[in-house]
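Heads up, the thing below is written out as C-alpha cells.
The values are calculated or read from the model by the stated rules, or taken from the named source; none is laboratory data. As the structure is a computational prediction, the values presented were derived from the model and not from experiment. A quick note on method: Cβ atoms are made from the backbone with ideal geometry, for glycine too, and the neighbour counts reach across all protein chains shown. Ligands, DNA and RNA are excluded from the accessible area calculation, which covers all protein heavy atoms including side chains. Shrake-Rupley method; radii C 1.70, N 1.55, O 1.52, S 1.80 Å.
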Amino acid sequence: MNKDSDAVERKVQLTGGSTYTVSLPKEWAGTQGIEPGTSVTIRVQGDQLVMTRGPEGDGQSRETAIDASEQDSNTLGLSVAAAYTAGCEAVRVENLHDTAKRRAATRAIRRFIGFEVMTEDETGLAARTMLDVADLSPAQTLAQIERTTLDMHTEAVDALVAADSALGKQVADQDDTVDRLFALVSRGFQQSLIDPAVTSDGHLTPFEYYMAARQLERVADHAEKMATLAGRLSQSPPEEIAAEFVSLGDRSRSLVRRALAGLLDGEPTPALGAVVTDAETLLADLAALDEQLYERALQDGYLLGLVVDSLVRTTEYGVNIAEAGMQARHRAEYQ
C-alpha cells in the first residue's frame with residue numbers, strides 16, 4: 001500500500017475448500033501498479049501483514065516469445081503448449097497476422113488450466129499463467145485424473161456393449177479434461193527440474209507423480225478409443241461376449257485403482273506385487289477372449305479385437321504404476 005489513506009478493507013474468503021483469497025478493487029489495484037499476473041509477497045511484521053509487489057528472491061520470471069511467422073498453425077499450437085508445459089509464466093506470440101494462426105494460438109492457450117490471454121492486438125497476443133503449481137497438490141490433481149479417467153473407461157465399456165454411439169461421443173469428449181489435468185502435473189514436474197522450491201507433497205517425487213499421471217492419461221486415451229469404436233459397431237455384441245467385456249473391463253480398472261492407491265499410500269512391496277500377479281491372470285483371460293473372437297468370426301470381430309487390445313493396454317499401464325510404487329518403496333527404505 002502506498003500510504004494509509006490508500007488502504008482498503010477486504011474480507012478473506014475461502015475458495016475451493018483449500019485456498020484463502022482476497023479480492024482487490026480493479027481501479028484501486030491499478031493505481032498501486034497491480035494487474036493480473038503481478039507477483040506479490042506477503043510478510044508478517046509484528047501484528048501486521050504487509051504486501052509488496054514482486055516475488056522474494058531475484059524476481060525473475062520465465063518468459064518466452066514465439067514468432068508466428070516462422071510456423072504453420074499446427075506447429076504454432078504445439079509451441080504454445082510446449083512453453084506452458086516447460087513452466088513459462090508469460091508467453092508472447094508475435095507476428096500473428098494470420099487468422100488461422102491466431103485461432104490456433106488462442107485454442108492452445110485455452111486448453112490449459114490457469115493459462116489466459118491477457119492482452120491482444122493486431123500484431124500478436126500475450127498470455128500468462130494465473131496459477132502457481134507450487135501451491136497445487138499433485139496428489140489431488142492425480143486423484144481428479146483418476147476419477148475422470150476411470151469414469152470414462154466405465155462408460156466407454158457401457159457404450160460398447162450397447163453399441164451406443166451417442167454415449168460413446170460423450171465419453172470421447174471428456175478426454176480433453178484429462179489432457180488439461182495431465183498438462184498441469186507435467187508443468188509441475190518440469191518446474192521441479194529447474195526450481196528446487198517446487199516439491200511434491202507426501203513420499204513421492206515430482207517425477208513419480210508425473211509418471212502415474214502419464215499412465216492414467218494413456219488409459220483415458222484408450223477409453224476414448226473404445227468409446228469411438230462403440231459408434232462403429234453394426235450391432236451390440238452377443239450377450240456372452242458383452243458380459244466378458246464388462247467383467248474384464250471392471251477387472252482392468254480395479255487393477256489400475258489398486259496400483260495407484262498402492263503408489264500414493266506407500267503400501268508394502270508384496271501388496272503391489274499382488275497387482276502385478278493379478279495382471280498376468282487378467283492378460284491371459286484377455287488373450288482367451290481375443291482367441292474366442294477370432295474363432296467365432298463375428299461381423300464386428302475386428303473392432304471388438306481392438307477393444308480387447310485397449311483393455312490389455314489398460315492393464316499394462318496399471319502394472320507400470322504398480323512397479324513405480326515398488327521402486328518408490330525401495331527408495332524410501334534405503335534413504
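List of remarks:
- Ala156, sole failed condition from (1) within 20 Å of Leu263 (Cα to Cα); (2) open to solvent by less than 60 Å² (accessible area, probe 1.4 Å); (3) at pLDDT 90 or above; (4) not acidic (Asp, Glu): (1)
- Some residue of the range 243-261 being in contact with a Gly (Cβ under 6 Å, 6 or more places away or on another chain) and not aliphatic (A, V, I, L, M): no
- Pairing each residue of the range 214-236 that is more than 16 Å from Leu248 (Cβ to Cβ) with any residue that is hydroxyl-bearing (Ser, Thr, Tyr) and open to solvent by less than 10 Å² (accessible area, probe 1.4 Å), provided the two are 6+ apart or on different chains, yields C-beta distances under 7 Å for Leu216/Thr149; Ala220/Thr149.
- Residue match in the range 262-274 (condition: within 30 Å of Glu208 (Cβ to Cβ), modelled with pLDDT of 95 or more and either open to solvent by 60 Å² or more (accessible area, probe 1.4 Å) or charged (D, E, K, R) (or both)): no
Yes or no, residue by residue, for (1) polar (S, T, N, Q); (2) within 25 Å of Ala213 (Cβ to Cβ):
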residue: Leu282; (1), (2): no, yes
residue: Ala288; (1), (2): no, no
residue: Tyr294; (1), (2): no, no
residue: Ala297; (1), (2): no, no
residue: Leu303; (1), (2): no, no
residue: Val307; (1), (2): no, yes
residue: Ser310; (1), (2): yes, yes
residue: Ala322; (1), (2): no, yes
residue: Arg329; (1), (2): no, yes
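- Odd one out for Gly37 among (1) modelled with pLDDT of 75 or more; (2) open to solvent by less than 100 Å² (accessible area, probe 1.4 Å): (1)
- Within the range 81-125, if we keep just the residues that are in a strand (DSSP E or B) and of a type in the set (D, E, K, R), the residue that is nearest to Thr38 (Cα to Cα) turns out to be Glu116.
- Leu78 satisfies every condition listed in (1) touching a strand residue (DSSP E or B) at 6+ places or on another chain (Cβ under 6 Å); (2) exposed (fewer than 15 other Cβ atoms within 10 Å of the Cβ); (3) not in a strand (DSSP E or B); (4) not charged (D, E, K, R) except (1).
- Any hit, the range 172-180, residues being more than 30 Å from Pro237 (Cα to Cα) and assigned to a helix (DSSP H, G or I): yes
- Residue match in the range 286-298 (condition: of a type in the set (Gly, Ala, Ser) and either open to solvent by less than 20 Å² (accessible area, probe 1.4 Å) or more than 19 Å from Val246 (Cα to Cα) (or both)): yes
- Residue list for the range 45-99, restricted to those being farther than 25 Å from Ile113 by Cβ, modelled with pLDDT under 80 and among the hydroxyl-bearing types (Ser, Thr, Tyr): Thr52
- Residue in the range 99-115 that is farthest from Val178 (Cα to Cα), counting only those that are in contact with a helix residue (DSSP H, G or I) (Cβ under 7 Å, 6 or more places away or on another chain) and open to solvent by 50 Å² or more (accessible area, probe 1.4 Å): Arg107
- Test: Ser192 is open to solvent by 20 Å² or more (accessible area, probe 1.4 Å) and part of a helix (DSSP H, G or I): yes
- Count - residues of the range 272-303 that are among the hydrophobic types (A, V, I, L, M, F, W, C) and in contact with a helix residue (DSSP H, G or I) (Cβ under 7 Å, 6 or more places away or on another chain): 11
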